[in-house]
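Read the structure below first, then the notes.
The values are calculated or read from the model by the stated rules, or taken from the named source; none is laboratory data. These numbers were taken from a predicted model, which means no experiment stands behind them. A quick note on method: Cβ atoms are made from the backbone with ideal geometry, for glycine too, and the neighbour counts reach across all protein chains shown. Accessible surface areas use protein heavy atoms only, side chains included; no ligands, DNA or RNA. Shrake-Rupley method; radii C 1.70, N 1.55, O 1.52, S 1.80 Å.
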Amino acid sequence: MERSLHILLYRTFHAQRNYLRPSLQELGLGTGQPKLLAYLSARGPCHQKQLADYFDVDPANISRMVDSLERGGFVARRTDGRRDLVEVTARGRDASAVWQARCRQMEAVLLQGFTPEERERFADYLVRAYQNIHGKQGETMP
């Protein structure tokens, strides 16, 4: 098996995405949408720019995702002064809860055989790698 880190990350990312893909279709969600629902469920209503900044995604992509989620009844927009706030609906909260359960199942499969300490170190390594690539060494991840 290839030992190059970028290839290992790529293959692992695609394996977990393929594991979760049937759940996306079952819930009526598109790629990238569950993370928006999870964020909104945890943090409450926010502006699209906050979503774009948090997920390091182009604001236009966020706008398209929010449009699609709104058409599906997963989120709603309301005006807050001059800008729209996006908030999760009951349908969106339910879909997010199902998605989170499926992600926990995937993580259990992904990390089988890892000790709790290894899981914690693995998570720490991923956080540090993220911070390094974004020039944010030592910053706390939200």
**Request:** Taking amide H positions as placed in the peptide plane 1.01 Å from N, state which residues far from His47 in sequence (5 or more) or on other chains have amide H under 5 Å from it.
**Result:** Val86
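Excluding Thr31 itself, what net charge comes from residues whose Cβ is under 13 Å from its Cβ, given Lys and Arg +1 and Asp and Glu -1?
Values: positive: Arg17, Arg21, Lys35, Arg64; negative: none.
Its environment carries a net charge of +4.
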**Request:** Calculate, for His134 and Ala108, the FRET efficiency according to 1/(1 + (r/R0)^6) with r their C-beta to C-beta distance and R0 25 Å; round to the nearest 0.05.
**Result:** 0.30
**Message:** Just to confirm, what accessible area per residue do you get for the chain at 1.4 Å probe, in whole Å²?
**Reply:** 67 Å²
**Prompt:** At Gln100 and Gln16, where each label point lies 7 Å from the Cα along Cα→Cβ, what is the point-to-point distance in nanometres?
**Reply:** 1.7 nm
**Principal axis dimensions, largest first and in whole angstrom, of the stretch 1-112 by Cα** = 55, 26, 21
**Asked** Of all the accessible heavy-atom surface of the stretch 1-137, with the other protein chains kept in place and a 1.4 Å probe, what percent is carbon and sulfur?
**Response** 52 percent
**Item:** Spherically averaged projected area in nm², based on the convex hull that wraps the Cα atoms of the stretch 23-79
**Value:** 3.8 nm²
**For q = 0.16, 0.26, 0.31 Å⁻¹, Debye-computed log10 I/I(0) when each Cα of the stretch 61-118 counts as one equal scatterer** = -0.65, -1.02, -1.16
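Report the FRET efficiency, 1/(1 + (r/R0)^6), for Gln25 and Ala90, where r is their Cβ-Cβ distance and R0 is 25 Å, rounded to 0.05. Could you put the intermediate results ahead of the total?
On the way: r = 21 Å, r/R0 = 0.85.
The formula returns an efficiency of 0.75 here.
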**Request:** Please give the FRET efficiency for Ala42 paired with Arg3, using the beta carbon to beta carbon distance and R0 = 25 Å, rounded to the nearest 0.05.
**Result:** 0.10
